[in-house]
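Engineer: I have a structure here, written as structure tokens, and I will follow up with some questions on it.
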Amino acid sequence: MWSNWAGDQRCEPAAIERPAGVGEVVGAVERAVAAGRCVRVAGSGHSFTAAALTDGTLLSLDRMGAVLDADPSSGLVRVEAGIRLHALSHALAAHGLALPNLGDIDEQSIAGAIATATHGTGVTLRNVSAQVRALRLVTAKGHMVDLDGGEELLAARVAVGALGVVTEVTLQTVPAFTLRGVDAPVALAEVLDGLDERVDAHRHFEFFVFPHADSALTRTNEVVDESPRPRPQWRAWVDDILLANRAFQLACVIGRTFPPAIPSLNRLVTRLSGTSTRVDRSDRIFASPRLVRFTEMEYALPRAVAADAVRAIKATAERYAINFPIEVRFVAPDDALLSPAHQRETVYVAIHAFKGMAWEPYFRTVEAIADEHGGRPHWGKRHFQTAATLAPRYPEWERFAAVRARLDPDGVFSNAYTDRVLGTTRAV
């Protein structure tokens with residue numbers, strides 16, 4: 001039995017293999033094909049979709065987490081695909097390097113993060129997969145293919161695991177840098193009325209707002225010419241574990257037990273979230289522990305509709321029993337064929353539901369709002385789209401489909417989820 005981090009996606013594969021190198025990956029794929037099984041790859045399980053599920057062969061790359069080469073002069077770093085983002089950041093720091101941007105969770109494998117177009121926030125910064133300069137792929141025929149440019153790399157940078165098994169990734173990193181992170185509550189109306197100015201004024205800007213609350217919790221990160229000042233271990237535990245996780249989880253449990261209390265609880269959590277400032281290594285500012293279990297949907301919308309979309313989604317959330325905030329982030333356009341930020345300035349709006357609480361009616365209603373704006377779902381988050389509804393939203397959809405048909409004409413790397421959202425593979 002395999003399950004994801006949230007515990008709400010499960011499968012019983014016919015075989016689970018844990019290769020320790022590319023040769024063992026080739027062997028696992030060849031055995032699966034010989035047995036007539038499909039192959040899927042599981043990273044850390046932080047996707048909320050059914051992307052990894054299979055009754056065929058499931059590969060885990062947890063034993064393939066090494067840094068293979070790092071060149072501080074060029075910033076090019078080659079890593080095995082199973083390395084977790086937190087381990088990658090630690091290794092990069094030892095070489096005086098860093099990724100230019102990260103999301104707020106760093107438990108994902110690098111292959112899983114790029115496959116689903118994981119992102120941080122920053123209107124001049126692209127998602128993590130945009131840092132990929134080359135990757136090695138094991139195809140359905142057991143061939144090792146190196147992609148270092150052209151259409152196939154544009155397809156492979158965000159592929160939902162549908163092209164083959166990514167075993168190595170070459171990333172463009174930057175010199176290590178220090179961030180000053182400031183969290184501060186601001187009236188939501190003030191944030192939305194001056195949203196463009198706030199977004200453009202900061203390297204990294206995002207905000208969160210709870211249903212029924214009038215204040216947004218803003219977060220700004222700026223590069224500073226200072227040495228990192230890590231928090232004492234006890235302070236980090238109090239902030240990140242006791243308050244941000246255990247106390248919040250208690251509020252969620254109370255809200256799940258007594259739903260009428262949720263509006264008051266949401267306003268209380270907002271009031272207790274005061275202003276704080278940290279100066280630390282970039283990856284330590286970007287990411288923080290997430291121990292409270294939930295499920296999530298996230299949509300990439302045109303940046304121009306950000307304020308209107310947030311207003312509509314917040315009003316919708318207040319019609320349901322929702323005790324998680326709406327999260328709003330911004331990214332620059334990129335050119336990966338299936339990137340949700342493909343060729344447009346993007347605002348990502350994420351919604352959540354606490355474990356054990358009803359989520360589908362809320363998510364479907366919010367998805368209808370996203371549909372009005374041509375929203376593209378995050379590939380690692382819940383949504384109800386199909387290939388037929390998604391194809392018109394991606395100008396390069398057919399180019400991706402053609403690459404997929406060339407690399408996996410028999411659908412070896414498919415499952416029910418990829419059939420639904422990408423269509424079935426056919427030869428061209």
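The values are calculated or read from the model by the stated rules, or taken from the named source; none is laboratory data. Quick caveat, the model's predicted, so the values are computed rather than measured. Every residue, glycine among them, receives a Cβ derived from its backbone with ideal geometry; neighbour counts consider all protein chains shown. Only protein heavy atoms, including side chains, enter the accessible area calculation; ligands, DNA and RNA are left aside. Shrake-Rupley method; radii C 1.70, N 1.55, O 1.52, S 1.80 Å.
Engineer: Could you say whether any residue in region 208-217 is modelled with pLDDT of 95 or more, acidic (D, E), more than 30 Å from Q9 (Cα to Cα) and not in a strand (DSSP E or B)?
Structural biologist: Yes, region 208-217 contains a residue that is modelled with pLDDT of 95 or more, acidic (D, E), more than 30 Å from Q9 (Cα to Cα) and not in a strand (DSSP E or B).
Engineer: Continuing with the same structure: Quick one: which residue in V160, V223 is surrounded by 15 or more Cβ atoms within 10 Å (Cβ to Cβ) and either among the β-branched types (V, I, T) or over 30 Å from L68 (Cβ atoms) (or both)?
Structural biologist: Sole residue among the options that is surrounded by 15 or more Cβ atoms within 10 Å (Cβ to Cβ) and either among the β-branched types (V, I, T) or over 30 Å from L68 (Cβ atoms) (or both): V160.
Engineer: Restricting region 2-19 to residues that are aliphatic (A, V, I, L, M) and open to solvent by less than 40 Å² (accessible area, probe 1.4 Å), which is modelled with the highest pLDDT?
Structural biologist: My answer is A15.
Engineer: Are any residues in region 234-275 among the hydroxyl-bearing types (S, T, Y) and open to solvent by 50 Å² or more (accessible area, probe 1.4 Å), and if so, which ones?
Structural biologist: T257, S264, T275
Engineer: E327 versus (1) part of a loop (DSSP other than H, G, I, E, B); (2) open to solvent by 10 Å² or more (accessible area, probe 1.4 Å); (3) closer than 26 Å to S44 by Cα: which is the lone unmet condition?
Structural biologist: The single condition E327 does not satisfy is (1).
Engineer: Another question, if that's okay. Between residues in region 9-20 that are of a type in the set (D, E) and residues that are surrounded by fewer than 15 Cβ atoms within 10 Å (Cβ to Cβ), which pairs lie under 6 Å by C-beta distance while being six or more apart or on different chains?
Structural biologist: Matching pairs, first to second residue: E12/M1.
Engineer: Which strands (runs of 3 or more DSSP E) does region 88-194 wholly contain that include 3 or more residues that are farther than 18 Å from R78 by Cα? It would help to see each step written out before you state the result.
Structural biologist: Values: elements: 132-138, 144-147, 165-172, 178-187.
Because the criterion is at least 3 residues that are farther than 18 Å from R78 by Cα, the strands (runs of 3 or more DSSP E) in region 88-194 that meet it are 178-187.
Engineer: Moving on. Can you confirm whether region 228-236 contains a residue that is of a type in the set (F, W, Y) and within 30 Å of A93 (Cα to Cα)?
Structural biologist: Scanning region 228-236, I find at least one residue that is of a type in the set (F, W, Y) and within 30 Å of A93 (Cα to Cα), so the answer is yes.
Engineer: Among (1) in contact with a strand residue (DSSP E or B) (Cβ under 8 Å, 6 or more places away or on another chain); (2) surrounded by fewer than 23 Cβ atoms within 10 Å (Cβ to Cβ); (3) outside any helix (DSSP H, G or I); (4) on the phi < 0 side of the Ramachandran plot, where does E367 come up short?
Structural biologist: Condition (3) is where E367 drops out.
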